[in-house]
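S.K.: Got a structure for you, questions after.
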Amino acid sequence: MPSESLLYGLIGYPVKHSLSALMHNAAFEACGIKAKYELFEVEPENLESFLVDRSDVAGFNITVPYKVKAKDILNRRFGIKNVPTISQEEEMAELAGAINTVKRFPNLKFYNTDAAGFLASLRFDLNFEPQGKTVFVLGCGGAGRAVIAALLLA
């Protein structure tokens, strides 16, 4: 992947309503990074093809409805099992069974950053420590799974 012009994006279905491209492109420009962030509205039957074949995309975020299915596809095709140095985000992806971030270069890695973000928000924004508390989680999609994983580890 040429370092002078990197392509990033958001995949999901639908994503046309997302402000992610506007936000990321403004950040790239403000930081002087030569990159572009696009919205990739990937229909369900094209998800595996996008994940496997779009090597021109250096990295991407994943949103509904693909956080669980994308992890399953990438684990099946490339796997992260038996990696000696697994990051906290990769461990969280395994526990949650869902991913929201994929990085292609220099090596393919996929993560779940939802869990860490959720815990940070609880602790720093709400001054709430979840350890020893009873919590009700409504939802079982990729983000809901990440919340449950974060609470289990906390």
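S.K.: Counting heavy atoms of the protein chains only and a 1.4 Å probe, report the per residue accessible area for region 1-117 as a whole number of Å².
M.R.: 56
S.K.: Going from most exposed to least, what order do Leu126, Leu95 have by accessible area with a 1.4 Å probe? Write down the numbers at each step before the final one.
M.R.: Working: Leu126 115, Leu95 85 Å².
The ordering from most to least exposed comes out as Leu126, Leu95.
S.K.: Just to compare against my own numbers: the Cα pair-distance distribution for the chain, 5 Å bins, whole % per bin, please.
M.R.: Here the calculated profile for the chain is 2, 9, 17, 19, 19, 16, 11, 5, 2, 0.
S.K.: What is the set of long-range amide H partners of Thr113 at a cut-off below 5 Å, with H atoms built 1.01 Å from backbone N?
M.R.: Close amide H contacts, sequence-distant or interchain: Asn100, Thr101.
S.K.: Further question: Restricting things to Cα coordinates, could you compute the convex hull volume per residue of region 95-135 in Å³?
M.R.: 97
S.K.: Counting pairs on different chains as well as pairs 8 or more places apart, how many Lys pairs in the chain have Cα atoms under 14 Å apart?
M.R.: Numbers: Lys71/Lys81; Lys71/Lys103; Lys71/Lys109; Lys81/Lys109.
Count of close lysine pairs: 4.
S.K.: Of all accessible surface on region 4-110 at a 1.4 Å probe, what whole percent is carbon and sulfur? Each step should come with its number before you reach the end.
M.R.: Working: 3320 of 6020 Å².
C and S atoms contribute 55 percent here.
The values are calculated or read from the model by the stated rules, or taken from the named source; none is laboratory data. Everything quoted here is computed from the prediction, not taken from an experiment. The accessibility values were calculated without ligands, DNA or RNA, using every heavy atom of the protein model including side chains. Shrake-Rupley method; radii C 1.70, N 1.55, O 1.52, S 1.80 Å.
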